[in-house]
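Contents: one structure, followed by commentary.
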Amino acid sequence: KDRKEMTTYKVAILGQDTYENVSKLKKHIYNWKENFGDSLEIVSGGGKYGVEKNVREICVDFGVSYSEIPPFHYKWNQDCIYPQSRYNKNYNIKYFFVQNKLIVEYVDLVIFFTEDEKITKVKDLKRLVEKQNKSLILKS
């Protein structure tokens, strides 16, 4: 790899559907942008509620590079890192677990906003980050 090529620091920002503290989310994204500048890429799951509903808009406002890895039964959009052919599948709960795995593989760090650390998604993410030697930070 070319040493001059800037390394991108990929951070997944995920969260519970019921988590609505947008100002805290904004503050964190702003701070990461201050620390990493143009080498920051924020990745989210493209969820329709809570944290993931707001991440894209905040990234656009702050000029932060943004990508998405939604579950494969969602509609494809221009922010998806995987091709359109992988989306618009029939609903299957397993796609949420596939999504978790793909996100953890793609990023350097996973941040998860939640009021409840015992939810299934957190347990699954903990298992995946341990397996892949990555970090998971829980924020309330």
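Bear in mind that the values in this text are calculations on the coordinates, not laboratory data. What you are looking at is a predicted structure, and each value in this text was computed from that prediction instead of being measured. Reconstructed Cβ throughout: ideal geometry from the backbone, glycine too, with neighbour counts over all protein chains shown.
Things to note:
- Formal net charge of residues neighbouring VAL51 (Cβ-Cβ distance under 14 Å; K, R +1; D, E -1): +1
- The sum of -39500 (n - 2.57) across all DSSP H runs of n ≥ 4, divided by the residue count of the chain, sets its helix-only mean residue ellipticity at 222 nm to -12500 deg cm²/dmol.
- Using a simple spin-label model with pseudo-atoms 7 Å out from Cα toward Cβ, LYS123 and ARG86 lie 2.6 nm apart.
- In terms of distances greater than 22 angstrom between alpha carbons, the cross-link table entries LYS53/LYS75; LYS48/LYS121; LYS89/LYS134; LYS27/LYS126; LYS53/LYS134 yield LYS89/LYS134; LYS27/LYS126; LYS53/LYS134.
- The stretch between HIS73 and GLU34, if pulled fully straight at 0.36 nm per residue, gains 10.6 nm over its current Cα-Cα span.
- Low-density loop positions, chymotrypsin sites (Phe, Trp or Tyr not before Pro), the range 50-99 - DSSP coil, at most 11 other Cβ in 10 Å: TYR91
- The charge dipole of the chain, taken about its Cα centre with unit charges on the Cβ of Lys, Arg, Asp and Glu (plus for the first two, minus for the last two), comes to roughly 420 debye.
- Shape call, the chain: gyration tensor on alpha carbons, a/c limit 1.5: rounded
- The alpha-carbon positions of the range 41-111 define a convex hull whose volume is 89 Å³ per residue.
- Rg and Dmax of the range 1-74, Cα atoms only, in Å: 13.0, 43
- When you filter the trypsin sites (Lys or Arg not before Pro) in the range 76-140 for DSSP loop state and at most 13 other Cβ atoms inside 10 Å of their Cβ, you are left with LYS89, LYS118.
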